[in-house]
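A.B. asks: Sharing a structure below in structure tokens format, with a few things to ask.
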Amino acid sequence: MNIVTATALVPNEPKHRCYPGAMPAEPQPQTTRSFTVEDQYAFAAASGDVNPMHVDAVAARRLISGRQVVHGIHTLMCAIDLWCQAGHVLPGEVDCNFDQPISVGDRVDFTVSTDTSGDGVVTASVGGATCTSVRLAGAGAITAPEWHEPAVRRELGGPEAPLDEAPGSQKGQEFHIPGRGDDWAQRFPHAARALGSGGLQALAGLSYFVGMVCPGLHSVFSSLRFVCSETQTSGDVLLRVRRYDPRFRLYIVEFHGAVAGELRAFIRPPPQVQPSTASLLGHVAAGEFAGTRALVVGGSRGLGELTAKLVAAGGGDVIVTYARGRSDAERVAADIAFAGRGSCEVVAIDLGESEFAALPLAGPITSVFYFATPRIFRKKPGIFDAAQFADFCRFYLERFAQMCVWLETRPEGGRVTVYLPSTVFIDERPKGMTEYAMAKAAAEVLADDLNRTLRRVRVVHTRLPRLATDQTSSILGLTPESNVETLLPVVRTACTPAA
């Protein structure tokens, strides 16, 4: 078996040079762009990295970002292209950190500059928050000590769908990825002058490796550090998983080819799976919620999904709404039908556009659970972002109040109990959650005042702890409190007829 060599990076040249005749390196004007869905598809097709987080808007809504994520290597290629376009030579070593995800449609500001040590710096920011930072340092020399342990060699011409292998099972394995995509020089002409088509192909191979192979389906590309090889023109790249740290679900991978160095990637939490209706039958009596007809706003996944299943498990009938994930909502309805208790309807409503009065609902509604929410975790440069606060208020205040007034004035009579989830984040105040906590606190005030005014509608609100949902999952895999134990008392309260 051939022995594959690892690489080490040893800088040995000045840290910055300019092309002959170029201006000395000074901060450059920002270059702004947005990555479109078409950009995503084109990069995915060329690189082979078709991870759903990049190309499937419905699947991506279950990420913490809530939207399709731009390939990190795509952003890096743009940064290198801008650096070279500004008249600079690509130094020997490139160090890139993907600090925060960039989403499709974000307004991205690229800034090219040099620091006091002469290193080049390119940053990609959204709303003033740095998402990708690229440092271009002095030239490095590649040494090639042999790997002394034999490794399993895997040739990768595929797969066409992301792998989801056991964490750490790839440790010690070697992977060979052939270069692919023949139009990189057209896409990034200035970077191609520095890296060559082989270098761009090799970088694209790293995107393919992380997004499709290891970690694969549930991956987060964290960082990479590399030097360019002057002797290799092929776009093939060899990779070896040097280490897997289960504490942080972190992979450290060495690679060798037209570019050589080290990358780091995490396993992110998969979409949170809520218990099946059948598994909940033992938690509630068969007829405990008989006579309940509950509207679950945002019931296609997460806490809304679990609430709908609990109501149905107790013999109640539920109406589940969704904005984009019709297949998820239909999956919930099928799960409830399989359990043989209660019933489930599926209705579409987009709180950004739809009106509650337009919902095709006939007959009385006895309970409403309001789990509609925008993206909770967002990029921002400072302590407070007025636009984010306004978006939270739109969902938690304006649309909630409109719903309650609609329920109050519906011709179908009867009293309605409405559950409004609040959060312990109001007290705990985790970093970056100022706008969310403020809007939730204001919603509690609104709920109390609605109770003073409305006659047919009773609003109940509680502060939920951190629970297992797509938006509150963590790369570090923090263990949340039990969803069922927390929500069941809430469901019992909201399904008790109002006096």
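The values are calculated or read from the model by the stated rules, or taken from the named source; none is laboratory data. Values in this document were obtained by computation on a predicted structure and should not be read as measured data. For neighbour counting, all protein chains shown are included, and Cβ atoms are generated from backbone atoms with ideal geometry for every residue, glycine included.
Condition check ((1) within 18 Å of E345 (Cα to Cα); (2) more than 24 Å from the chain's Cα centre (by Cα); (3) not acidic (D, E)) across all residues:
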site: G261; (1), (2), (3): no, yes, yes
site: R268; (1), (2), (3): no, no, yes
site: T277; (1), (2), (3): yes, yes, yes
site: L281; (1), (2), (3): no, yes, yes
site: G287; (1), (2), (3): no, yes, yes
site: A290; (1), (2), (3): yes, yes, yes
site: G298; (1), (2), (3): yes, no, yes
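A.B. asks: I'd like the full set of residues that are closer than 29 Å to D56 by Cβ, surrounded by fewer than 18 Cβ atoms within 10 Å (Cβ to Cβ), at pLDDT 90 or above and not charged (D, E, K, R), limited to the range 101-130.
C.D. replies: G105, T130
A.B. asks: A follow-up question, please. How many residues are of a type outside the set (A, V, I, L, M) and in contact with a helix residue (DSSP H, G or I) (Cβ under 7 Å, 6 or more places away or on another chain) if we restrict to the range 167-181?
C.D. replies: Residues that pass the stated criteria total 4.
A.B. asks: Residues that are over 30 Å from L163 (Cβ atoms) and in the same structural domain as V368 (by TED's automatic domain parsing): does the range 326-334 have at least one?
C.D. replies: There is at least one residue in the range 326-334 that is over 30 Å from L163 (Cβ atoms) and in the same structural domain as V368 (by TED's automatic domain parsing).
A.B. asks: Do the conditions hold for P364, that is, is it more than 26 Å from the chain's Cα centre (by Cα) and in contact (Cβ under 8 Å) with a residue 60 or more places away in the chain?
C.D. replies: yes
A.B. asks: So, one more: List the number of the failed condition for D335; all other conditions in (1) assigned to a loop (DSSP other than H, G, I, E, B); (2) of a type in the set (D, E, K, R); (3) in contact with a helix residue (DSSP H, G or I) (Cβ under 8 Å, 6 or more places away or on another chain) hold.
C.D. replies: (1)
A.B. asks: Moving on to the next point. Taking the conditions exactly as written (assigned by TED's automatic domain parsing to the domain that holds K309, out of contact with any Ser or Thr (no Cβ under 9 Å at 6 or more places or on another chain) and part of a helix (DSSP H, G or I)), does A362 satisfy them or not?
C.D. replies: It is false that A362 is assigned by TED's automatic domain parsing to the domain that holds K309, out of contact with any Ser or Thr (no Cβ under 9 Å at 6 or more places or on another chain) and part of a helix (DSSP H, G or I).
A.B. asks: Which residues, taken from the range 457-486, are at pLDDT below 95 and either over 30 Å from Y251 (Cβ atoms) or of a type in the set (A, V, I, L, M, F, W, C) (or both)?
C.D. replies: Correct list: L464, P465, L467, A468, I475, L476, L478, S482, V484, E485, T486.
A.B. asks: Hey, could you check the range 154-197 for residues that are basic (K, R) and in a loop (DSSP other than H, G, I, E, B) and say which is surrounded by the fewest Cβ atoms within 10 Å (Cβ to Cβ)?
C.D. replies: For the range 154-197, the residue satisfying everything is K171.
A.B. asks: Okay, next question. Name every residue in the range 78-100 that is in contact with a helix residue (DSSP H, G or I) (Cβ under 6 Å, 6 or more places away or on another chain) and crowded, with 20+ Cβ neighbours inside 10 Å, in order of residue number.
C.D. replies: Passing the criteria: I80, D81, C84, L90, C96, F98.
A.B. asks: Let me ask something else about it. Considering (1) more than 26 Å from A312 (Cα to Cα); (2) outside any helix (DSSP H, G or I); (3) touching a strand residue (DSSP E or B) at 6+ places or on another chain (Cβ under 7 Å); (4) among the hydrophobic types (A, V, I, L, M, F, W, C), say which one I383 fails and leave the rest.
C.D. replies: (3)
A.B. asks: I've got another one for you. Of all the residues that make up the range 315-327, how many are in a helix (DSSP H, G or I) and either in contact (Cβ under 8 Å) with a residue 60 or more places away in the chain or touching a strand residue (DSSP E or B) at 6+ places or on another chain (Cβ under 6 Å) (or both)?
C.D. replies: Residues that pass the stated criteria total 1.
A.B. asks: Now for a different question. If A362 passes every condition in (1) over 25 Å from L63 (Cβ atoms); (2) modelled with pLDDT of 90 or more; (3) aliphatic (A, V, I, L, M); (4) out of contact with any strand residue (DSSP E or B) (no Cβ under 7 Å at 6 or more places or on another chain) but one, which one does it miss?
C.D. replies: Unmet condition: (2).
A.B. asks: Of the residues R399, R375, which single one is assigned by TED's automatic domain parsing to the domain that holds V311 and assigned to a helix (DSSP H, G or I)?
C.D. replies: The unique qualifying residue is R399.
A.B. asks: Look at the range 21-38 and say how many of its residues are surrounded by 16 or more Cβ atoms within 10 Å (Cβ to Cβ) and either of a type outside the set (A, V, I, L, M) or at pLDDT 95 or above (or both).
C.D. replies: Residues in the range 21-38 being surrounded by 16 or more Cβ atoms within 10 Å (Cβ to Cβ) and either of a type outside the set (A, V, I, L, M) or at pLDDT 95 or above (or both): 3 in total.
A.B. asks: While we're on this one: When residues of the range 198-235 are filtered for being in a strand (DSSP E or B) and touching a Gly at 6+ places or on another chain (Cβ under 8 Å), how many remain?
C.D. replies: 7
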